[in-house]
Every structure is written in structure tokens, then in C-alpha cells.
Amino acid sequence: MYLTQKSIYAIQALIFIALNNSGEFVPIREISNKLNIPFHFLTKILQVLSKQQIIETCRGPSGGVRLRQDPNQISIEQIILSIDGDRLFSECILKLPDCGNSKPCPLHDLFAPIREELQKMLSNTMLALLVKMVRDNQVKLTSVTQVQDFFPGQKQTKKPDHS
């Protein structure tokens with residue numbers, strides 16, 4: 001009942017692409033290097049996102065990827081469903097193969113409302129919110145904590161000091 005590594009990388013890559021926010025194509029090698037995602041694994045993930053119309057790709061020396069949709073229109077649920085299908089929202093938490101309403105596992109009925117809330121939360125969480133949180137330095141995208149580490153010339157909003 002966790003996100004797969006593919007979904008995690010997809011979310012990280014899309015945040016990185018959106019942080020670029022210039023409308024220019026971001027080289028895949030740059031995303032791979034900055035986020036420490038294996039290049040060939042990333043290309044397979046990006047192919048899926050392209051087929052799902054979330055990003056567009058361009059080949060050549062100035063090629064790469066960019067968002068096809070506004071980050072305010074891309075839900076985290078949409079990303080996860082594109083990469084992994086609905087297994088996060090349908091698979092048994094105990095990984096029992098025949099678990100379902102007719103043959104529930106011991107946690108089935110207890111977990112059903114949690115699964116529904118999770119799906120609702122992810123469908124209502126847009127990529128733009130995560131981008132803003134990373135840009136404002138409220139959360140980390142990787143072990144790199146500063147946006148300027150990704151984009152040296154880009155401004156960043158400081159995290160409020162509550163001391």
C-alpha cells in the first residue's frame with residue numbers, strides 16, 4: 001500500500017519539469033542527473049506520461065520534455081493512475097490475492113474508508129501545490145533542499161521562521 005518507485009520518480013520528475021516553468025523543453029538527462037533517477041528507467045516513465053498526454057516530448061539537441069497541461073490541472077491521482085493503474089486503490093493491504101467484498105481479508109473493511117480518503121486526497125491534490133511547496137522550500141524534492149540547487153538563477157521564497 002505504498003507508492004511504487006515508478007510513481008515516486010514520475011511525481012518528482014513532473015515537479016522538476018514544472019519548476020523549470022519556462023515552457024522550454026527540459027533535457028531528460030538533466031532531470032535524471034539532478035534527481036538521481038536512472039536515465040533508462042526515467043525514459044520509460046516519461047514515455048508513459050507522454051502517452052497519457054501529461055507531457056510532450058521533443059527529440060534533438062534542444063529536445064526534452066515539458067508539461068502538456070497546466071500543473072493546476074494535473075492531479076497526483078492522475079499521475080499514479082497513469083503509471084501504476086489503480087492498484088494503490090484496489091490492492092489488498094495484506095496482499096492477499098482473493099481479497100474483496102465477497103472474501104475480505106481481516107483488514108478489508110477497516111481499510112476501505114482509508115483507501116477512499118487517500119484516493120480523494122490524491123485526486124484533489126494538484127501538481128501545482130507540490131511545485132509551490134518545493135519552490136517555497138516547505139518540502140524537499142530530493143536530498144537537495146534548495147530550489148536554487150536545481151535552477152541557480154531562480155528566485156525562491158523563504159520558509160517562514162516560526163521561532
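Below, the figures for the structure above:
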{"read-out": "Which numbered condition GLN53 fails, given (1) surrounded by 19 or more Cβ atoms within 10 Å (Cβ to Cβ); (2) at pLDDT 95 or above", "value": "(1)"}
{"read-out": "All positions within the range 88-122 that are among the charged types (D, E, K, R) and either touching a residue at least 60 places away in the same chain (Cβ under 8 Å) or crowded, with 16+ Cβ neighbours inside 10 Å (or both)", "value": "GLU91, ARG115"}
{"read-out": "Cβ pairs under 6 Å, 6+ apart, first in the range 73-84 and touching a residue at least 12 places away in the same chain (Cβ under 8 Å), second of a type outside the set (D, E, K, R) and not in a helix (DSSP H, G or I)", "value": "SER75/MET126; ILE76/THR125; SER82/GLN52; ASP84/THR4"}
{"read-out": "GLY85 being modelled with pLDDT under 90 and surrounded by fewer than 16 Cβ atoms within 10 Å (Cβ to Cβ)", "value": "no"}
{"read-out": "The range 62-76: number of residues that are modelled with pLDDT of 95 or more, surrounded by 20 or more Cβ atoms within 10 Å (Cβ to Cβ) and not aliphatic (A, V, I, L, M)", "value": "0"}
{"read-out": "Matching option when the condition is within 13 Å of the chain's Cα centre (by Cα) and at negative phi, among ILE45, ILE28", "value": "ILE45"}
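So that you can scan it fast, the table gives a plain yes or no per residue for (1) modelled with pLDDT of 90 or more; (2) closer than 30 Å to PHE111 by Cβ; (3) exposed (fewer than 15 other Cβ atoms within 10 Å of the Cβ):
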| position | (1), (2), (3) |
| --- | --- |
| SER7 | yes, yes, no |
| ASN20 | no, no, no |
| GLU24 | no, no, yes |
| ASN33 | yes, no, yes |
| ASN36 | yes, no, yes |
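The values are calculated or read from the model by the stated rules, or taken from the named source; none is laboratory data. Please read all numbers here as calculations on a predicted model, not as lab measurements. Note that we place each Cβ from the backbone using ideal geometry, even for glycine, and neighbour counts take in every protein chain shown.
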